[in-house]
Amino acid sequence: WALLRYGPVERQLWEHLALVYTASEALGFAPWLLTLYRGERRESSCERELLRPLMLAVSSPDGLLPVQVELADRIIAQCADAFVLGTRPGDELHYVTDLAVVFPPGRLSPNVTVNPQTRFFGPGEAAARIARYVAQIERSGRVPEEMNLGLQLEPPVVLDTLQHLARYWSPSLPERKEPRRQRTEHVTVVHEFGEVVANAGGLFFESAFVSNDEEWIVENESPGGFGAFVPKALGGWLRVGCLVGVRREEGVAWGVGIVRRVVGDEQGNRYVGIQMFATGGAAVTLFSERSPGSGADAPEGELCILLPGATTRSGETILLLRPHL
């Protein structure tokens, strides 16, 4: 539930999980398989039930939509039989946790101090299983029946989630496409399609929308976007995939971007990653080629934004459209 809200996982939760698992190890039944609920087909064990939240936590859920967090949790539950756990690092054990909860689970690094409570874990054969699912969806355009997710989701959503897990379950951490540099700057941010269109398209005096602008603090940036700090009182609407309009501290034109990552801290503040598409734009109206009498489209057309950045030689242009248009 904490990850669905892009919040931190409380230390007490890791402590409780560690205590239960430590007891199961001491009593010798940590790997024993049993059916958790009457009528359930899947068997589990204390070891697998520990590995499920550990693997979800290291799978970068802060970069997923809420429905994808739920989907990732279900995929991980199905793959729990393939995960591996050990007391020493190994080729398939590239994550680490501490049953004394000195630090939360994370990727193994040279700075980790190994003690009797340290446990190493990894995806094991689940990585190959995920790769097989990805290949099947790419080939057939359908979700394999064997996944049995219990959710009615479009194949592209499932595919994107599987590819996300594959990236973060790899032995090495995915590299940033562009280097980031430290920078401190205040920016003004608006959200929701109407607000973004009104500002990016320069419709300030004609817009009927009430401004929902907030002030964030940029902490780092790259050519493709920036990372920002959002105080506790702001950003209650934040989630991965939100469209935002951004005006820099000394800028006039508004830029258009999308939220790619949200991380919350224990104080309720958030740290977000924004991918920027363009700065500035022109408001344009789209009309359907179908006859006006068909009743399928609004007679006034659809307001959208023509974004700069596309080369005229390509014969293409970039339009910011209302969702599901």
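The values are calculated or read from the model by the stated rules, or taken from the named source; none is laboratory data. Everything numeric in this text was worked out from a predicted model, so none of it was measured. Every residue, glycine as well, gets a Cβ built from its backbone with ideal geometry; the counts of neighbours run over all protein chains shown. Accessible surface areas use protein heavy atoms only, side chains included; no ligands, DNA or RNA. Shrake-Rupley method; radii C 1.70, N 1.55, O 1.52, S 1.80 Å.
Checked against (1) at pLDDT below 90; (2) open to solvent by 20 Å² or more (accessible area, probe 1.4 Å); (3) on the phi < 0 side of the Ramachandran plot, G241 passes all but a single condition, namely (3). So, S45, is that one on the phi > 0 side of the Ramachandran plot and hydroxyl-bearing (S, T, Y) or not? When the stated conditions are applied, S45 does not pass them. Report whether or not V259 is under 17 Å from D62 (Cα atoms), in a strand (DSSP E or B), at pLDDT 90 or above and open to solvent by less than 30 Å² (accessible area, probe 1.4 Å). Considered against the rule, which asks whether it is under 17 Å from D62 (Cα atoms), in a strand (DSSP E or B), at pLDDT 90 or above and open to solvent by less than 30 Å² (accessible area, probe 1.4 Å), V259 comes out as yes. Just one of the listed residues (I130, I137) is touching a Pro at 6+ places or on another chain (Cβ under 6 Å), outside any loop (DSSP other than H, G, I, E, B) and aliphatic (A, V, I, L, M), and it is I137.
For segment 195-228, a residue qualifies if it is open to solvent by less than 40 Å² (accessible area, probe 1.4 Å) and either modelled with pLDDT of 90 or more or within 26 Å of H164 (Cβ to Cβ) (or both), and the qualifying residues are V196, W216, V218, N220, E221, S222, G224, G225, F226, G227, A228. Working only within segment 93-127, note down all residues that are part of a helix (DSSP H, G or I) and open to solvent by less than 30 Å² (accessible area, probe 1.4 Å). Answer for segment 93-127, where residues must be part of a helix (DSSP H, G or I) and open to solvent by less than 30 Å² (accessible area, probe 1.4 Å): just A126.
Might you let me know whether segment 41-51 holds any residue that is within 28 Å of Y271 (Cα to Cα) and not in a loop (DSSP other than H, G, I, E, B)?
The initial filter retains those residues of segment 41-51 that are within 28 Å of Y271 (Cα to Cα), namely 50-51.
If we keep only those that are not in a loop (DSSP other than H, G, I, E, B) as well, we get 50-51.
Yes, the conditions are met somewhere in segment 41-51.
In this entry, E47 is excluded by the filter for residues that are touching a residue at least 12 places away in the same chain (Cβ under 8 Å), open to solvent by 20 Å² or more (accessible area, probe 1.4 Å) and either within 18 Å of the chain's Cα centre (by Cα) or closer than 22 Å to L162 by Cα (or both).
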